[in-house]
Every structure is written in structure tokens, then in C-alpha cells.
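Just so it is clear, none of the values below were taken in a lab; they were calculated from the coordinates. Worth saying up front: this structure is predicted, and the values here are computed from it rather than measured. FYI the Cβ positions are ideal-geometry reconstructions off the backbone, even for glycines, and counts take in every protein chain you see.
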Amino acid sequence: MNNERKIKCITNENARDEKYIKTPVREFNKKNIFEVRNFHRSFPQYRETPLQELNALSRALGVENIWMKDESYRFGLNAFKVLGGSYAVGKYLAKRLNIDISELSFEKLRSVEIRNKLGDLTFVTATDGNHGRGVAWAAGQLGQKSVVFMPKGSAEARLMNIRKEGAEASITDLNYDDTVRLAKRYAKEHGGVVIQDSVKEGYTEIPTWIMQGYTTIIDEALEQIAQRVNALPTHVFLQAGVGAFAAAIVAYLASAFGTVRPITVIVEPDEAACFFISMEAGDGKPHAVTGFMPTIMAGLACGEPCNLSWEIMKDYADCFISCSDEITIEGMRTLAHPLPGDHRIISGESGAVGLGLVKTILGNSKFDQVKEQLKINKDSRILLISTEGDTDPENYQRVIAE
Ligand SMILES: Cc1ncc(COP(=O)(O)O)c(C=O)c1O
């Protein structure tokens, strides 16, 4: 592997322009957020995931705070994605039953009466691993079937974890975006329900619900921060694949705090940096990366931006970063072998990239210009989200052992 640490950063001049407070963000208003959180709370497995404070590291890097939200604890599934899949499944069933989601708890969805009303359903999805595991889990919990397709090169351990949730799952010989197309074809031919986070014409509802589902993370994190300091984070780093996770959090922050929201930094692997190249193109349109994307950040190896995510990011996200795999390796190792006093966090390839970036940028004068672009200084309070644990345990061990 090439050991060079490469970081490219581009800033979005439109992000702070008031005229841009507009449409898609309205789907992330207080009422929606409240409904999402309540739905998740109704799951017996629901617990807030921990927010770790890396005080020794923030002192060493010369910033006020570094907080890490650890999503490896989410519902015992080692990643955040179940929040989106479960909420989308819940909203879909609510719509089918003609009931408002606020009246539909997990308990109620499992009841014999509701099961009989719904009959047998099959949820279909494509995934690098985490989303599919979340959808398979939600379907299984509700007594329904799921079929999951994975792109070429997916880790066997991730496939097994999806099968353990009762799904019919397989690895294809296609890249991620073509696997999504295959899942859609399969669902059409077999009468399945597609639970996917890529927006295409006529398919916007489910991706929006998936994105709304992710807001539980930031809602919890801000509450946890408020219990410790009387201030918002100044920066939030968000890693992006199709961008649903990052855009959901950007939208939440824009909706809740308007122009005084934290600076949001979108992070992608350089082999799959579709948001970065779209911003760089400067024509306001999403652009795709095609072919295979050789990055260890499997969850971020998506070449086609979700349109809805792009609509939100181009108007509200402040900075876009493309970086090499070495950056996330730095993050994984730093979190696995923390400074004395800091908590150890098991963070996988797609989870640790934000921390790797912060450490690389602040610890190396070569990246002073990026630090300036991001407006990071000694008063910065940085929120990072480790979106997964060791979802590919073999690779995780190899990376941290070196
Ligand atoms: C661990 C992890 N982090 C981040 C992401 C990025 O999410 P999105 O595809 O919504 O951008 C993914 C996507 O699968 C993921 O698995």
C-alpha cells in the first residue's frame, strides 16, 4: 500500500449564505427529529451510545475539546446504520397500515394483530455491510424477510453477520452502485420492498426516512455535550459514502441552528470522493466516480452521490475533504492505542477517518493550510463520530497490530 498521507480540501463559499436556508432541510425539523428519537427509544435494545472525551489528545493537538461518539455500541450491531434502516422500515409499515409513526412502537409492530394485517413482506437492499445488517436486523425483529446484495470484494465476516440476522445475503461481482441496481431489479421481479439510501426519480420517500433515522446520533451527541459544557461543537466531521449520514446531520444542524451552526466537514476516501469532485466541478451538479474503488474504507466506497444528500451538502456543508487510506489507519491506531487517560475506542476503517484527519492536520505543519481552511484553532471543540467498530475484525487486527 502507498504510505503517503494525502489530504485535499475544498471550501464551500455558499454554505453560510442565508438565502440558502431552504427546502430539503425542512424534512429535518424538530417534529421529525422528535418522532425519530421516540421510535428508536421504543426498541428494547435502545441505549444512547457513549460520547468519549479525548482530553489528552485534545491537549496534545492544541484544541479545546475532541469528542468521539462511539456508534459501535448501537443496538449491539457494531455500527450506526440500523438507525436509518429501522426507521425507514417503521415509516413504510406505518404508511401501509395508515397509522402515524408516533402511534407505532416497536412493540406494536411485533404484535400478532399488526403482523396479520401486514402479511409476509420481503425487504431488499444493497450494502457494503452495515446498512444491510441493520435492515436484516429490523426485518428479523419484526418477523419479516430480507434479501441483501453486497458488492465484489465485501468481507466474508460482514456477509456472515448479515446472514446471522436471518437475511438471504450474497456477494456479487459488481461494484457498489451496480449492486444497488441489481437489488432494485430483484425487488421488482419478486415483489420486494427496496430499502435503499440512494435517491432516484420517483424514489425519495424511503431515502428521506433513512436519513431522518440517522439524526438520533446528533440529537444524542448534542444532549451529551450540553451536559458537560455550555456550548455547541465548533466543528463536526462527517464521513460520506452516498452521503445520507453526513447530509442528515448537516440538515439537522442547519435546521436547528441556522447560520450559527457548527462548521461541517465532509470526509471521503480519495478513490471514491464523489462529493469532493462534485464541489470541485463548481456547476452545482452531482458527479460520479465510476469503476472499482480500492479503499479500505468499505462503507465510504460509493461513487454516486445520493441526489438528496448532494442537494443538502452543496448548500449547507462547509468543507469537503478527500484523503488517502493512510489517514484512517492513523485514526484506527490512535483510537486503539490512546494517550494515557483517554478512553480506548474500537473504530473500523470507515469510522476512524475523521480522527485520523484531525490528528494528521493538527500534528503536521505540512497541513497548516488545511487547518486554516477549516478554521481550527485553540478554541475549537471538535465532534467526531466513529460510525463503526471492527466490522471486518481480521483487517482491523492487522491494521492496529502494525
Ligand atoms: C461505517 C460507515 N460509516 C459511514 C458510512 C457512510 O454513510 P453514507 O453511505 O450514508 O454516506 C457508511 C456507509 O455504509 C458506513 O458503513
Percent relative contact order of the chain, based on C-alpha pairs within less than 8 angstrom and at least six residues apart? 24
Calculate, in nm to one decimal, what Arg398 and Thr204 gain on full extension: separation in residues at 0.36 nm each, minus their alpha carbon distance. 65.9 nm
Phi-derived 3J(HN,Hα) across region 201-208 with the Karplus relation (6.51, -1.76, 1.60, θ = phi - 60°), rounded Hz, x for Gly and Pro, is 3, x, 10, 10, 4, 5, x, 5
Residue by residue through region 368-380, the couplings from Karplus 6.51 cos²θ - 1.76 cosθ + 1.60 with θ = phi - 60°, in Hz, x for Gly and Pro, are 4, 5, 5, 4, 5, 4, 7, 6, 8, 9, 5, 8, 6
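Under 9 Å from the Cβ of Glu330, count the other residues' Cβ atoms, weight Lys and Arg +1, Asp and Glu -1, and hand me the total. Spell out each step's value before the answer.
Details: positive: Arg5, Arg333, Lys359; negative: Glu326.
Computed value for this residue: +2.
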Quick one: net charge of Ile266's neighbours, Cβ under 13 Å, K/R +1, D/E -1? -2
Placing each pseudo-label 7 Å from Cα in the direction of the beta carbon, Asp100 and Glu372 end up separated by a distance in nanometres of 5.3
Looking only at aspartates and glutamates whose Cα falls under 20 Å of Lys371's and that sit 8 or more positions away or on another chain, we get Glu4, Glu13, Glu64, Glu268, Asp270, Glu280, Asp318, Asp325, Glu326, Glu330, Asp379
Describe numerically, in nm with one decimal, the distance between label points set 7 Å from Cα along Cα→Cβ at Lys30 and at Lys188. 4.3
Distance in nm between label sites at Arg344 and Met160, each 7 Å beyond Cα in the beta-carbon direction? 2.2
Most packed first (mean Cβ within 10 Å per residue), the peptides 272-279, 388-395, 235-242 order as 235-242, 272-279, 388-395
I want the local charge near Ala136. Using Cβ-Cβ distances under 10 Å, sum +1 for each Lys or Arg and -1 for each Asp or Glu among the other residues. +2
Rh by Kirkwood over Cα pairs, then Stokes-Einstein D for the chain at 0.890 mPa s and 25 °C, µm²/s: 117
Name the long-range amide H neighbours of Ala169: under 5 Å, sequence gap of 5 or more, or other chain; modelled H, no Pro or chain starts. Val148
Flagged as over-length at 18 Å C-alpha distance, from Lys8/Lys375; Lys314/Lys366; Lys30/Lys285, the pairs are Lys314/Lys366; Lys30/Lys285
